[in-house]
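Remarks on the structure that follows.
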Amino acid sequence: WTTIETVGPGGAQSNGGWFRHQSDLLDTITATANMQLRFVASDLGDGSIVEAAVDDIDLVGLEDGVVCNPPTNYCVAAAHSESGGGAGAVVSMNGSQVVADNDFTLEVADAPSNKFGVFFYGPTQIQVTFGDGFRCVGGATQRLPLVQTDGTGFAEYGVDLPSQPNISAGSTQNFQFWFRDPMGPGGSGFNTSNGLSVPFCP
């Protein structure tokens with residue numbers, strides 16, 4: 001076995017919540033037909049209690065000679081009324097980046113609970129003050145339908161890729177979640193998640 005990544009103990013991502021990680025396996029190992037991937041949670045040490053879970057695994061690589069790079073987060077997720085002064089809402093994706101699959105879902109976590117918001121996207125990465133947070137998406141933006149977060153601050157929207165302007169194989173679009181936050185720290189009544197850059201593949 002070859003260790004690809006170690007998280008914790010005592011690190012910023014060793015307690016509470018969901019955290020996104022990505023690693024380039026081929027920087028560490030040579031690909032073979034017999035490769036296996038495993039996750040280990042260690043409970044070593046006195047008084048140590050480990051509760052760990054792994055969800056939403058994506059393996060992205062070479063297919064027919066085409067490199068399909070994984071999505072990446074960027075920009076700042078500002079604190080909101082329910083973040084306790086910590087990091088704000090985080091946008092991610094589930095499903096496939098292959099346009100022909102038409103299996104692409106946007107997700108946001110750690111937003112304020114039971115609030116309305118919209119996902120939107122555009123071609124340019126920016127970072128400018130917007131409400132209590134930052135607008136991370138620029139250029140000709142497209143807005144998706146209204147959704148509502150649940151009691152944990154999670155929301156999702158399944159995108160019909162063929163019907164969306166400017167999304168095609170070989171393009172890269174940047175996504176963000178814009179949400180109501182009437183009790184937010186800045187008093188503007190709204191805030192945003194961080195950004196997510198998604199390369200779409202054939």
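List of remarks:
- For S83, the accessible area of its heavy atoms, probed at 1.4 Å with every protein chain present, is near 30 square angstrom.
- In the context of the full protein assembly, T124 retains an accessible surface of approximately 60 Å², using a probe radius of 1.4 Å and ignoring ligands and nucleic acids.
- Accessible-area ranking of W178, W1, largest first, probe 1.4 Å: W1, W178
- Scanning residues 5 or more positions from F134 or on other chains, those with amide H under 5 Å from its amide H are A78, T192, with H placed 1.01 Å from N in the peptide plane.
- In the context of the full protein assembly, D101 retains an accessible surface of approximately 90 Å², using a probe radius of 1.4 Å and ignoring ligands and nucleic acids.
- Note on segment 59-202: with neighbouring protein chains present and a 1.4 Å probe, carbon and sulfur make up 52 percent of its accessible heavy-atom surface.
- Net charge contributed by nearby residues that have their C-beta within less than 13 Å of T72 (K/R +1, D/E -1): -1
- Binning the alpha carbon pair distances of segment 106-177 at 10 angstrom intervals from zero yields the distribution 19, 48, 30, 3, expressed in whole percent.
- Net +/- balance of residues flanking F120 in space, Cβ distance below 13 Å, scoring K and R +1, D and E -1: +2
- The residues of segment 53-144 have, on average, 50 Å² of accessible surface per residue, using a 1.4 Å probe with all protein chains present.
- Neighbourhood charge, 12 Å Cβ-Cβ cut-off, centred on D55 and excluding it, Lys, Arg +1 and Asp, Glu -1: -2
- Karplus 3J(HN,Hα) series, Hz, for segment 162-174 with 6.51 cos²θ - 1.76 cosθ + 1.60 (x for Gly, Pro): x, 8, 8, x, 6, 9, 8, 4, x, 8, 10, 10, 10
The values are calculated or read from the model by the stated rules, or taken from the named source; none is laboratory data. Quick caveat: nothing in here was measured; it's all calculated off a predicted structure. Because the Cβ atoms are built from the backbone with ideal geometry, glycine has one as well, and the counts that use them run over all protein chains shown. All accessible areas refer to the heavy atoms of the entire protein, side chains included, with ligands and DNA or RNA removed. Shrake-Rupley method; radii C 1.70, N 1.55, O 1.52, S 1.80 Å.
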